[in-house]
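To start, the structure under review is shown below, and the notes come after it.
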Amino acid sequence: MFSDVVGQSAAIEYLSRGIATQRIAPAYLFAGPEGVGRSRVAAQFISHLLDPTQSQQRTLQNHPDFLWIAPTYKYKNQLMTVAQMQEQDISLPRSHPQIRLAQIRAMTQFLSQAPLEATRLAVVIEGAETMGEAAANALLKSLEEPGNATLILLAPNIDALIPTLVSRCQRIPFRRLTSTQVAQVLEQSGYGEILDHPQLLEMAQGSPGSAISHWQRQQAIAPDLLEADLNHLQSPHDCLRLAQSINQALDLPSQLWLLDFYQQYFWQTYGNSALLHPLEKAKEQLRHYAQPRLVWEVTLLSLAEQQDHPLFE
């Protein structure tokens, strides 16, 4: 167990000690950035709790005593995760997915049942920080009386959740990985080629999962847009044309990623924070549903005005 997890020695040691002494908390909070092993550790920990001897060749995906909850969108009167919408080639809404009250109510119903195969029930709530107040209050009631169950909440940090939820969970910290550990994970995962892209590694900030996500985003964006910060900000006309191209070619998540990509490039290349302000403002405007093409036009024209910067020589 945990043999393929790189880093996170403190978290693994604590959980392993709990298993060895059979002192399992009713609720845990795995707090840390995405892509550093929280989900992997949670899945392996739950797998052991549900089947300590691994006598049944069963995965968590089809285990009757396990429930994995992820943030969802409302689409045609259905709740769908990001993965489900992508599998069906459905465009993602401009809003962010959430853990919804209906999902917590379904979880409560699940927890009211007796285990069918294991000695306990288990639930993992991914993106717990996306819960609204009603969902959080409903979850709080389950944490107060979890019964014969173990719940794991995944969130970036304890500040992302209301204090009453945090106080009812055993906190397990997850850290960003070292560059050596990131390289090890990427090689093991078949993404060693990312190591040749230092800008993506810098954007990932010690998260191999984020590095893979950045790589996949980059592969889906045309090279002329990725290199536009060098080649196409020479005149107002070029700025307006680039804004139109970005708006037509990319959905909102990809536009936000491209702004991050530009910011990282400017910072690494020029170390000038003045160039970052228009890009950061653009991200904020896009998140608040401003018209994307207009946001890009204003942003690129603002950058082009800085003609004395080496970027525009």
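Worth a mention:
- Any hit, segment 131-150, residues being more than 19 Å from Q98 (Cα to Cα) and of a type in the set (V, I, T): yes
- Odd one out for Q181 among (1) within 23 Å of I12 (Cβ to Cβ); (2) outside any helix (DSSP H, G or I): (2)
- Scanning segment 31-57 for residues that are in contact (Cβ under 8 Å) with a residue 40 or more places away in the chain and not in a helix (DSSP H, G or I) yields A31, G32, P33, E34, G35, V36, G37, D51, Q56.
- Looking at E144, E133, just one residue is at pLDDT 90 or above and charged (D, E, K, R), and that residue is E133.
- Residue within segment 95-110 that is assigned to a helix (DSSP H, G or I), of a type in the set (D, E, K, R) and modelled with pLDDT of 95 or more present: yes
- Residue in segment 211-231 that is in contact with a Lys or Arg (Cβ under 8 Å, 6 or more places away or on another chain), free of Cβ contacts under 8 Å to residues at least 60 places away in the same chain and not assigned by TED's automatic domain parsing to the domain that holds R38 present: no
- Picking from residues in segment 67-89 that are surrounded by 14 or more Cβ atoms within 10 Å (Cβ to Cβ) and either in contact (Cβ under 8 Å) with a residue 60 or more places away in the chain or hydrophobic (A, V, I, L, M, F, W, C) (or both), the one that is farthest from L286 (Cα to Cα) is L67.
- Number of residues in segment 189-212 that are outside any loop (DSSP other than H, G, I, E, B), surrounded by fewer than 19 Cβ atoms within 10 Å (Cβ to Cβ) and either of a type in the set (D, E) or at pLDDT 95 or above (or both): the value is 5.
- Exactly one residue out of T119, T72, T59 is over 19 Å from L154 (Cα atoms), modelled with pLDDT of 90 or more and of a type in the set (V, I, T), and it is T119.
- Any hit, segment 78-98, residues being within 19 Å of P26 (Cα to Cα) and in the same structural domain as I46 (by TED's automatic domain parsing): no
- Selection within segment 19-64 - in contact with a helix residue (DSSP H, G or I) (Cβ under 7 Å, 6 or more places away or on another chain) and over 21 Å from G127 (Cα atoms): I19, I24, H48, H63
The values are calculated or read from the model by the stated rules, or taken from the named source; none is laboratory data. Here the structure is a predicted model, which means the values were calculated and not measured. Positions of Cβ are generated from backbone atoms using ideal geometry, with glycine treated the same way; all protein chains shown enter the neighbour counts.
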